[in-house]
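Asker: This is the structure, below, for whatever I ask next.
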Amino acid sequence: MIMVLSITGCVKETYDMNKLSNKAHLSPTIAIPVIKGDISIKDIVESRDNFVIDQNKLVYLVYKRDSLIDMSMADFHSSGSLPAGKLMATFDPYTLNLGIEYILNRLTGDIFATNPSIRLYYTNSFVNPIQVTLDIEGKRNTKTIDLDLPPFHLVSPVAPDYLNVNSYILIDKSNTLDSLVSLPPEEITFSGNAIMTLAGKKSLSADNLLAQNKLIGSIEVEVPLDLKMNNLSFADTVDNFLKDENGDDDVQVKPENFKYLRVDLTAKNSFPFGVSSKMSLYDSNTHVIKSSVTATGILLPAPVDINGKVTGTTETSTSIEFTSQFFNSIDLADKIIFQFTLNTTGNETKSIKIYSDYRIDFNTALVINPDIKLK
């Protein structure tokens, strides 16, 4: 008792210890500060190579693949499906693994990317016209989305003044790329072919130029964190660290000796999305959730302007209370599932932007109300 009551905190009920009988019954409420901290977007993205922060502090997710296309004249061949004077070359399929399968397997709900883009950068030294067909497929589990892209023509150098030309093809939401990125995919596969139209025998043999020509292309996928979320839930399962693995019946302070145990959380949020949380005791053998506790309210999102940029900070308090039913179910479960649900500002109707200076400052306190009987 002396140890518990001397913990740094706030005792909301006091007792005259000199007047206690041998069968006294105490039920003090004690609040103990536990954690004070902050999280910023910049802290998260700086350690990850695929994140880029522009001069305005807007955060981008960027993936690059060099030499996706690397073709010489030897790669072009005639085909029975093509008319005379045309040659075809195919480039090997390439699969870009985004490395987010672990996260996606724990996500439910909807996320909508507003302004994604793919750029096919190329260097072309062929003077003959080349038409490229690019097939792009996004895949997540058994679901796929194909972009039905029309063929496009490359810019060609004008001989003899230019030996090669550098340019790019842009694929964006006008090509329904936003639907593919919003899948969101675990991987994106690129494949396709190039068809060359010969300008005549003279251009084919003149100075043997074609034999020296090359077509080299690279791909860049860019997803600015300009998005909407609708009940986007992230769940993760861990071992039940609350369970008494030793089954020691001699332990005098047990979870069931508490009327309640609560975690109070106060946060100053400059992120443009609100967060709700839930904690469940789960039996992995029977696949049954034994008991759950849910935060009494959500951490409210920060306000944003018409462009989706945060304009201030919202302070909110919420609690998660571990009920008697939850305590009594602890030893019936071997796992704990943590679930967090996110919604963007504006009832998920407004697109928001993520900047590197967004942060959340939070304080947590452990509030306990033990049921102590002195015999």
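The values are calculated or read from the model by the stated rules, or taken from the named source; none is laboratory data. Not measured: the values here are computed from a predicted model. Quick reminder, even Gly has a Cβ in these numbers, built from the backbone with ideal geometry, and neighbours come from all protein chains shown.
Asker: Which of the residues that make up the stretch 320-344 are part of a strand (DSSP E or B) and at pLDDT 90 or above?
Answerer: Taking the stretch 320-344 and keeping what is part of a strand (DSSP E or B), we get 320-322, 335-344.
Scanning the stretch 320-344 gives a single hit, 335.
Asker: So, in the stretch 309-324, how many residues would count as being in contact (Cβ under 8 Å) with a residue 60 or more places away in the chain and either buried (at least 19 other Cβ atoms within 10 Å of the Cβ) or on the phi > 0 side of the Ramachandran plot (or both)?
Answerer: Pass one, the stretch 309-324, residues in contact (Cβ under 8 Å) with a residue 60 or more places away in the chain: 321-324.
Subsequent filtering for residues that are either buried (at least 19 other Cβ atoms within 10 Å of the Cβ) or on the phi > 0 side of the Ramachandran plot (or both) retains 322.
Counting residues in the stretch 309-324 that are in contact (Cβ under 8 Å) with a residue 60 or more places away in the chain and either buried (at least 19 other Cβ atoms within 10 Å of the Cβ) or on the phi > 0 side of the Ramachandran plot (or both) gives 1.
Asker: Which numbered condition in (1) assigned to a strand (DSSP E or B); (2) modelled with pLDDT of 85 or more; (3) under 30 Å from residue 236 (Cα atoms) is the only one that residue 115 fails?
Answerer: With (1) assigned to a strand (DSSP E or B); (2) modelled with pLDDT of 85 or more; (3) under 30 Å from residue 236 (Cα atoms) applied to residue 115, the lone miss is (1).
The rows are residues; the columns are (1) at pLDDT below 90; (2) over 30 Å from residue 165 (Cα atoms); (3) of a type in the set (Gly, Ala, Ser).
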residue: 95; (1), (2), (3): no, no, no
residue: 99; (1), (2), (3): yes, yes, yes
residue: 104; (1), (2), (3): yes, yes, no
residue: 109; (1), (2), (3): yes, yes, yes
residue: 133; (1), (2), (3): no, no, no
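Asker: Give the residues of the stretch 264-283 that are farther than 21 Å from residue 359 by Cβ and either surrounded by fewer than 19 Cβ atoms within 10 Å (Cβ to Cβ) or out of contact with any Phe, Trp or Tyr (no Cβ under 9 Å at 6 or more places or on another chain) (or both), sorted by residue number. Break it down into steps so the answer makes sense when it comes.
Answerer: Kept after step one, since they are farther than 21 Å from residue 359 by Cβ, are these residues of the stretch 264-283: 278-283.
Result: 278, 279, 282, 283.
Asker: Here's another thing I want to ask about it. Six or more apart or on different chains, Cβ under 8 Å: which pairs go from a residue in the stretch 78-91 that's more than 22 Å from residue 190 (Cα to Cα) to one that's at pLDDT 90 or above and among the β-branched types (Val, Ile, Thr)? Could you list them?
Answerer: Going by the 8 Å Cβ cut-off, the qualifying pairs are 82/195; 85/197; 86/195; 86/197.
Asker: Okay, next question. Just to be sure I understand, how many residues within the stretch 177-204 are over 30 Å from residue 111 (Cα atoms) and either basic (Lys, Arg) or at pLDDT below 85 (or both)? Please lay out each step first, then the result.
Answerer: Keep residues of the stretch 177-204 that are over 30 Å from residue 111 (Cα atoms), which gives 193-204.
Checking which are either basic (Lys, Arg) or at pLDDT below 85 (or both) leaves us with 199-204.
Summing the residues that are over 30 Å from residue 111 (Cα atoms) and either basic (Lys, Arg) or at pLDDT below 85 (or both) in the stretch 177-204 gives 6.
Asker: Still on this structure, please answer the following. Scan the stretch 178-198 and report the pairs whose first residue is assigned by TED's automatic domain parsing to the domain that holds residue 81 and whose second residue is in a helix (DSSP H, G or I), with Cβ atoms within less than 6 Å and a gap of 6+ or a chain change.
Answerer: Pairs that qualify, where the first residue is assigned by TED's automatic domain parsing to the domain that holds residue 81 and the partner is in a helix (DSSP H, G or I), are 186/101; 186/104; 198/204.
Asker: Just wondering, is there one or more residues in the stretch 298-308 that are part of a strand (DSSP E or B) and buried (at least 19 other Cβ atoms within 10 Å of the Cβ)? Please lay out each step first, then the result.
Answerer: Let us first name the residues in the stretch 298-308 that are part of a strand (DSSP E or B), namely 299, 304.
Checking which are buried (at least 19 other Cβ atoms within 10 Å of the Cβ) leaves us with 299, 304.
For the stretch 298-308, residues part of a strand (DSSP E or B) and buried (at least 19 other Cβ atoms within 10 Å of the Cβ): present.
Asker: Right, another one. Would you tally the residues in the stretch 118-137 being part of a strand (DSSP E or B) and more than 30 Å from residue 59 (Cα to Cα)?
Answerer: Keep residues of the stretch 118-137 that are part of a strand (DSSP E or B), which gives 118-124, 130-137.
Retained after the next criterion (residues that are more than 30 Å from residue 59 (Cα to Cα)): 124, 130-133.
Going through the stretch 118-137 one residue at a time, the tally reaches 5.
Asker: Please go through the stretch 157-176 and give me each residue that is more than 15 Å from residue 136 (Cβ to Cβ) and charged (D, E, K, R), ordered by number.
Answerer: 161
Asker: Right, next: Restricted to the stretch 138-197, and to residues that are on the phi > 0 side of the Ramachandran plot and part of a loop (DSSP other than H, G, I, E, B), which residue is surrounded by the most Cβ atoms within 10 Å (Cβ to Cβ)?
Answerer: 176
Asker: Would you be able to tell me the number of residues in the stretch 251-279 that are at pLDDT below 70 and either out of contact with any strand residue (DSSP E or B) (no Cβ under 9 Å at 6 or more places or on another chain) or outside any strand (DSSP E or B) (or both)?
Answerer: Step one: list which residues in the stretch 251-279 are at pLDDT below 70, which gives 251-260.
Pick out the ones that are also either out of contact with any strand residue (DSSP E or B) (no Cβ under 9 Å at 6 or more places or on another chain) or outside any strand (DSSP E or B) (or both) and you get 251-257.
Result for the stretch 251-279: 7.
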